[in-house]
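Have a look at the structure below before the remarks.
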Amino acid sequence: MNEILDILNKVGAILPKGHFVGTSGLHFDTYVNKDFLYPHTKETSEICKILAEKYKDKNIEVVVGPALGGIILSQYVAGHLSEMYGKEVLGIYTEKSLEGKQIFTRGYEKYVEDNKNILIVEDIVTTGGSVLKVIEAVKNAGGNIIGACALVNKNKDLDIDIFKVPFGALSDLYIPTYSAEDCPLCKAGVPINITVGHGKKYLIEKNLSPTPLLNKERGKGVR
């Protein structure tokens, strides 16, 4: 297990042996909860410094992440790059539009235009959809994307060519996913966790009654 996963494990952000539903509607048995990382500022800063080190020779001018978690990442990574360069690197973010896209609001597109060198940061990648949307927003604003980087890639079959920009992840934690129809956890009657992920929303949409379930492995991490 590499350094990134060690840190996530330390703060209890890796939840094993459960039944979870992701934003895509897919089911899986291990959840990587970046929300358990962010309250720990020392560990968050440590991970973001590792990410910044990866791009310190790329003359990054602006770091962009998708709201909400990407806000925190963009700020920390930009801060570390600023220290490394001895000059200011900006940290900004995109927000989800009503149409489900990632767009710049608050006038942030002005920090990207004029071919600025942009680094896109993301926490967890499964399908790559959020990264693609941020890439589109940056290109539309006139930025020059140097690269995109995630903390964790969960998908061993992820086709990084879809990004059409250099992409990398600091760590890999491949987790099998299943459709609701083919989910072995559902077939085995394993209760869906409604405290993290989209399990509660899924159950409501299926007209099933959510029963509170605390993951007993929370905070124990992967051994």
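Bear in mind these aren't lab numbers, they're just calculated from the coordinates by the rules spelled out. A quick note: this is a predicted structure, and the numbers were derived from the prediction, not measured. So basically every Cβ, Gly included, is an ideal-geometry build from the backbone, and we count neighbours across all protein chains shown.
Taking the highest mean first, how do the peptides 104-111, 191-198 order by number of other beta carbon atoms within 10 angstrom per residue? Provide the component values of the computation, followed by the final result.
On the way: 104-111: 14.8, 191-198: 19.1.
Result, highest mean Cβ count within 10 Å first: 191-198, 104-111.
Return one quarter of the surface area of the convex hull spanned by the alpha-carbon atoms of the stretch 65-128, equal to its mean projected area, in nm².
Over all viewing directions, the stretch 65-128 projects a mean Cα-hull area of 5.1 nm².
Check which residues have an amide H placed less than 5 Å from PHE167's amide H, if you skip close sequence neighbours.
Counting only residues 5 or more places away or on other chains, the set is ALA148.
Does anything in the stretch 87-128 have its amide N under 20 Å from the 7 Å Cα→Cβ label point of ASP172, and if so which residues?
Of the residues in the stretch 87-128, 122-128 have backbone N under 20 Å from the label point off ASP172.
What value, in deg cm²/dmol to 500, does the helix sum -39500 (n - 2.57) over DSSP H runs of n ≥ 4 give at 222 nm once divided by the residues of the chain?
Counting only the DSSP helices, I get -8500 deg cm²/dmol.
Just the number, please: Stokes-Einstein D of the stretch 37-143 in µm²/s, Kirkwood Rh from C-alpha pairs, 25 °C, 0.890 mPa s.
In µm²/s, the coefficient is 178.
To check you understand DSSP bridge types, tell me what percent of the beta bridges within the stretch 42-176 (both residues inside) are antiparallel, rounded to 5.
Values: 2 of 23 bridges.
Roughly 10 percent of the DSSP beta bridges within the stretch 42-176 come out antiparallel.
Spelling out what I want: for every residue of the stretch 72-85, take phi, set θ = phi - 60°, compute 6.51 cos²θ - 1.76 cosθ + 1.60 (Karplus), and round to whole Hz; glycine and proline get x.
With coefficients 6.51, -1.76 and 1.60, one gets 5, 4, 4, 5, 5, 5, 4, x, 5, 5, 4, 5, 5, 7 Hz.
Starting with the highest mean, order 173-184, 113-124, 80-91 by the number of other Cβ atoms within 10 Å, averaged over the residues of each peptide.
113-124, 80-91, 173-184
Are there cysteines in the chain with no second cysteine's Cβ under 4.7 Å away, and if so, which?
Flagged as lacking a Cys partner: CYS48, CYS149.
Name the residues whose placed amide hydrogens come within less than 5 Å of the amide hydrogen of TYR93, ignoring near sequence neighbours (fewer than 5 apart) on the same chain.
Sorted by chain and number, the residues that satisfy this are GLY65.
Could I have the simple spin-label model distance between LYS201 and THR127, label points 7 Å from Cα toward Cβ, reported in nm to one decimal?
1.2 nm
Would you mind calculating the relative contact order of the stretch 90-167 from Cα pairs under 8 angstrom and at least 6 residues apart, reporting the percent as a whole number?
Computed over the stretch 90-167, the figure is 30 percent.
Taking R0 as 25 Å, what FRET efficiency do you get between ASP35 and GLU99 from their Cβ-Cβ distance, rounded to the nearest 0.05?
Working: r = 25 Å, r/R0 = 1.01.
The formula returns an efficiency of 0.50 here.
Find out how many positive minus negative residues lie around SER74, taking Lys and Arg as positive, Asp and Glu as negative, among other residues whose Cβ is under 12 Å from that of SER74.
Summing Lys and Arg as +1 and Asp and Glu as -1 gives -2.
With only Lys, Arg, Asp and Glu charged, each at its Cβ (+1 for the first two, -1 for the last two), find how big the charge dipole of the stretch 42-176 is about the Cα centre; round to the nearest 20 debye.
On the way: 16 positive and 19 negative charges, 20 e Å.
Dipole of the stretch 42-176, to the nearest 20 debye: 100 debye.
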